[in-house]
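*Asks:* One structure coming up, written as C-alpha cells, with questions to follow.
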Amino acid sequence: IEELLPVKLFAPEKIQKRLNVAVQLVLDKSASMKNEDRLEFAKAAAKEAIKALKDDDYIGVVAFDQQPFHLVEIGRVGTQRRKAMERIDLLYPNLTTRMLAALKLAKRDLEGVKAGRKHMIILTDGKIPSAVDDAPYYLQLVREMRLLGISVSTFLVGSEGEPLLKELADVGGGAFY
C-alpha cells in the first residue's frame with residue numbers, strides 16, 4: 001500500500017515518559033538517635049534522597065519521636081526542596097520512639113498524591129520499644145500500603161536494629177539498607 005500512496009509511512013516514535021515519583025521520608029528523631037551521631041547520618045541520607053528527585057516529583061517528610069509530625073507537607077520537589085533541606089537540618093533527638101503512628105500519617109499523605117510511583121522510606125536506628133508486640137500491626141499496615149501501590153524501604157542507622165525493619169522492607173516490596 002505504501003507504494004501507491006503519495007506519502008511515506010513511518011512507524012510512530014515511542015517517547016518513553018518517566019513516571020513521576022512520590023517519596024515520603026519517615027525520619028526517627030527519638031533520643032536513641034543521638035548515639036553515634038545516628039540522627040546526623042539519617043539526615044544526610046534523607047537529604048541525598050531529596051537531591052536525587054526531579055522537580056516534578058513529590059516529597060514529604062514525617063518526623064517522629066513520641067508523636068509524628070509533618071516536617072514538610074507532601075508537595076512538588078521543585079517547590080519543597082529548599083524547605084525540606086532546611087527543616088531536616090533543624091531536627092534534634094528527643095523523647096522515645098513510637099513509629100506506628102508516623103507510618104499511618106505518611107501512608108495517608110501518599111494515598112492523596114497523584115503520582116506514577118509511591119514510595120515510603122523509613123530512616124531509623126531500629127530502637128523501637130514496642131516492635132516485638134506491635135510487629136503484626138506494622139506488617140498489616142505495610143501490606144495495606146502494598147495493595148494501594150505504595151512500596152516501603154527501610155534504612156537502618158547503626159548496627160543493632162530490629163529484624164522488623166528487614167521484614168517491613170520485604171513485605172513492602174522495597175529494600176533494606
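The values are calculated or read from the model by the stated rules, or taken from the named source; none is laboratory data. Quick caveat: nothing in here was measured; it's all calculated off a predicted structure. Virtual Cβ from ideal backbone geometry, glycine too; neighbours counted across all protein chains shown. For the accessible areas, the whole protein counts, side chains as well, though only heavy atoms, and no ligand, DNA or RNA atoms are used. Shrake-Rupley method; radii C 1.70, N 1.55, O 1.52, S 1.80 Å.
*Asks:* Counting only heavy atoms of protein chains, what accessible area per residue, in Å², does the chain have with a probe of 1.4 Å?
*Replies:* With the other protein chains kept in place, the chain gives 57 Å² per residue.
*Asks:* Extension gain Asn94-Asn35, at 0.36 nm per residue separation less the Cα-Cα distance, in nm? Numbers along the way, then the final one.
*Replies:* Working: separation 59, 0.36 × 59 = 21.24 nm, distance 1.15 nm.
Gain in length upon complete extension: 20.1 nm.
*Asks:* Please list, in order along the range 45-50, the HN-Hα scalar couplings obtained from phi with the Karplus expression 6.51 cos²θ - 1.76 cosθ + 1.60 (θ = phi - 60°), rounded to whole Hz, x for Gly and Pro.
*Replies:* For the range 45-50, the Karplus curve yields 5, 4, 5, 5, 4, 5 Hz.
*Asks:* Just to be sure I understand: with springs between alpha-carbon atoms less than 10 Å apart, which residue in Met120, Met85, Met99 has the highest mean-square fluctuation in the Gaussian network model of the chain?
*Replies:* Met85
*Asks:* Over 16 Å apart: what share of the alpha carbon pairs of the range 28-90 falls there, rounded to a whole percent? Intermediate results must be reported in sequence, preceding the final value.
*Replies:* Values: 854 of 1953 pairs.
Within the range 28-90, distances greater than 16 Å cover 44 percent of Cα pairs.
*Asks:* Which whole-Hz couplings ³J(HN,Hα) result when phi for each residue of the range 96-105 is put into the Karplus expression 6.51 cos²θ - 1.76 cosθ + 1.60, θ = phi - 60°, listed in order with x for Gly and Pro?
*Replies:* 3J(HN,Hα) across the range 96-105, in whole Hz: 9, 9, 9, 8, 4, 5, 5, 5, 5, 5.
*Asks:* With both partners inside the chain, how many of the DSSP beta bridges are antiparallel, as a percent to the nearest 5?
*Replies:* Numbers: 6 of 29 bridges.
Restricted to the chain, the bridges split so that about 20 percent are antiparallel.
*Asks:* Of the accessible area of the chain, with the probe set at 1.4 angstrom, what percent is carbon plus sulfur? Kindly include the intermediate steps, with their values, before the conclusion.
*Replies:* On the way: 5390 of 10040 Å².
Looking at the chain in its full context, I get 54 percent from C and S.
*Asks:* Let me ask another. Once amide H atoms are placed 1.01 Å from N in the peptide plane, what residues at a sequence separation of 5 or more from Ile122, or on another chain, have their amide H within under 5 Å of its amide H?
*Replies:* For Ile122, the qualifying residues are Val26, Ser153, Thr154, Phe155.
*Asks:* Taking the convex hull of the alpha carbon atoms in the chain, what volume per residue do you get, in Å³?
*Replies:* Given the Cα convex hull of the chain, per-residue volume reads 140 Å³.
*Asks:* So which of Lys107/Lys166; Lys107/Lys127; Lys34/Lys114; Lys47/Lys107; Lys29/Lys107; Lys34/Lys104 end up more than 28 Å apart by C-alpha? Show your work: numbers first, answer last.
*Replies:* On the way: Lys107/Lys166 19 Å; Lys107/Lys127 21 Å; Lys34/Lys114 36 Å; Lys47/Lys107 20 Å; Lys29/Lys107 19 Å; Lys34/Lys104 25 Å.
Table pairs above 28 Å Cα-Cα are Lys34/Lys114.
*Asks:* Report, in debye and to the nearest 20, how large the dipole of the chain comes out about its Cα centre when Lys and Arg carry +1 and Asp and Glu carry -1 on their Cβ. Each step should come with its number before you reach the end.
*Replies:* On the way: 27 positive and 25 negative charges, 106 e Å.
Dipole size: approximately 520 debye.
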